[in-house]
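Let me begin by presenting the structure, written as structure tokens, before commenting on it.
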Amino acid sequence: MANKDYASETKHDKFVRIVEARTNKAAEMIRLIGNCASRSSYEYSEREVKLIFDYLEKEIKNARNKFNGSDSEEGKFTLH
């Protein structure tokens, strides 16, 4: 859809364009989090790993709930 006039874009076309880009970006960021698993480069506890993945799973659930018409809580991640 490169060089397309976005003014004539349908709502569905816009959805597809944006959601594909954002989903691919999110997947890439998750892969980068996986790179932090290298014990030769990083030190972390099982508790910290659990916090990371509990948070990511909560955010995915919140996003899914928005598609189902439910409200969700949003917040920033921290290990502290």
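The values are calculated or read from the model by the stated rules, or taken from the named source; none is laboratory data. As the structure is a computational prediction, the values presented were derived from the model and not from experiment. Note that we place each Cβ from the backbone using ideal geometry, even for glycine, and neighbour counts take in every protein chain shown.
Can we say E9 is in contact (Cβ under 8 Å) with a residue 12 or more places away in the chain, over 17 Å from the mean Cα position of the chain (by Cα) and surrounded by 10 or more Cβ atoms within 10 Å (Cβ to Cβ)? No; evaluated as a whole, the condition is false for this residue. Per the conditions (1) touching a helix residue (DSSP H, G or I) at 6+ places or on another chain (Cβ under 9 Å); (2) part of a helix (DSSP H, G or I), the sole criterion not satisfied by A7 is (1). Scanning region 37-50 for residues that are polar (S, T, N, Q) and either surrounded by 10 or more Cβ atoms within 10 Å (Cβ to Cβ) or modelled with pLDDT under 95 (or both) turns up nothing. When you scan region 54-80, how many residues do you find that are under 12 Å from the mean Cα position of the chain (by Cα) and not basic (K, R)? Adding up the residues that qualify gives 7.
Residues in region 1-40 that are among the hydroxyl-bearing types (S, T, Y) and under 19 Å from K66 (Cβ atoms): T23 only. For the structure I just gave you, tell me whether V19 is among the aliphatic types (A, V, I, L, M), farther than 20 Å from T78 by Cα and either surrounded by 10 or more Cβ atoms within 10 Å (Cβ to Cβ) or within 22 Å of the chain's Cα centre (by Cα) (or both). Yes; evaluated as a whole, the condition is true for this residue.
Quick check on my filter: what residues within region 1-29 are hydroxyl-bearing (S, T, Y) and modelled with pLDDT under 95? Y6, S8, listed by residue number.
Applying the set (1) modelled with pLDDT of 95 or more; (2) surrounded by 10 or more Cβ atoms within 10 Å (Cβ to Cβ); (3) within 14 Å of the chain's Cα centre (by Cα); (4) among the hydrophobic types (A, V, I, L, M, F, W, C) to L32 leaves exactly one unmet item: (2).
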